[in-house]
Amino acid sequence: MSKPVPPVRKYMTTTPVTTTLTTTIAAASKAMKAESIRHLPVVDDGRVVGLLSDRDIALIEGLVGVDPEVVAVRDAMATEPYSVGPDTPITEVAATMASKKYGSAVVVQNGKVVGMFTTVDACQVLAEVFETRLR
């Protein structure tokens, strides 16, 4: 008998850090470094409207003549982040992330960000599954 597939809520970060559209790239970068994270959901009036990654920040910081202290998150973020509900099966989330080469999934419930699931989380799931199987 096989076990049911757990939902993403079991493995997601439940206290995600978010930012706003008007936050500067420099401020977002500072927050991400302080929290040791690579993905930052962007919210507007509480609803997810984008995703800023460490790669987005590196791109802006590498542009000659562009000041990260002036450029806003809205100008660098991805506008259609991969979002899932907290009850989405972990297998579905991981398969989509792998096939689309996404680094994260924003977990949204009733329009609000309630979690983040990243490739690091996926590696933890993989380690747990193998550890359990090999016992």
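Readers should treat all values here as calculations from the given coordinates under stated rules, not as data from a laboratory. In this text, all values refer to a predicted model and were calculated from it rather than measured experimentally. Methodologically, a virtual Cβ is constructed for each residue, glycine included, from the backbone with ideal geometry; neighbour enumeration extends over all protein chains shown.
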**Prompt:** Efficiency by 1/(1 + (r/R0)^6): what FRET value for residue 67 and residue 100, r their Cβ-Cβ distance, R0 = 25 Å, to the nearest 0.05?
**Reply:** 0.20
**Prompt:** In degrees, nearest 10, range 0 to 90: what is the angle between the Cα axis of helix 25-35 and the longest Cα principal axis of the chain?
**Reply:** 40 degrees
**Message:** Just to confirm my numbers, what's the Cα centroid distance between the stretch 1-24 and the stretch 59-135 in Å?
**Reply:** 8 Å
**Rg and Dmax of the chain, Cα atoms only, in Å** = 16.2, 61
**Complete:** Loop-resident trypsin sites (Lys or Arg not before Pro) in the stretch 59-106 with no more than 16 other Cβ atoms inside 10 Å, DSSP not H/G/I/E/B, are 101
**Fill in**
Expected sort for 134, 59 with the fewest Cβ neighbours (10 Å cutoff) up front is 134, 59
**Under 27 Å, Cα to Cα: Lys pairs in the chain, sequence gap 8 or more or different chains** = 12
**Asked** Under 13 Å from a point 7 Å along the Cα-to-Cβ line of residue 58: which residues of the stretch 18-44 have their amide N that close?
**Response** 38-39
**Fill in**
Helix 119-133 sits off the longest principal axis of the Cα atoms of the chain, rounded to the nearest 10 on a 0 to 90 degree scale, by 10 degrees
**Prompt:** How far is helix 90-100 tilted, in degrees, relative to the longest principal axis of the Cα atoms in the chain, given as a value from 0 to 90 rounded to the nearest 10?
**Reply:** 50 degrees
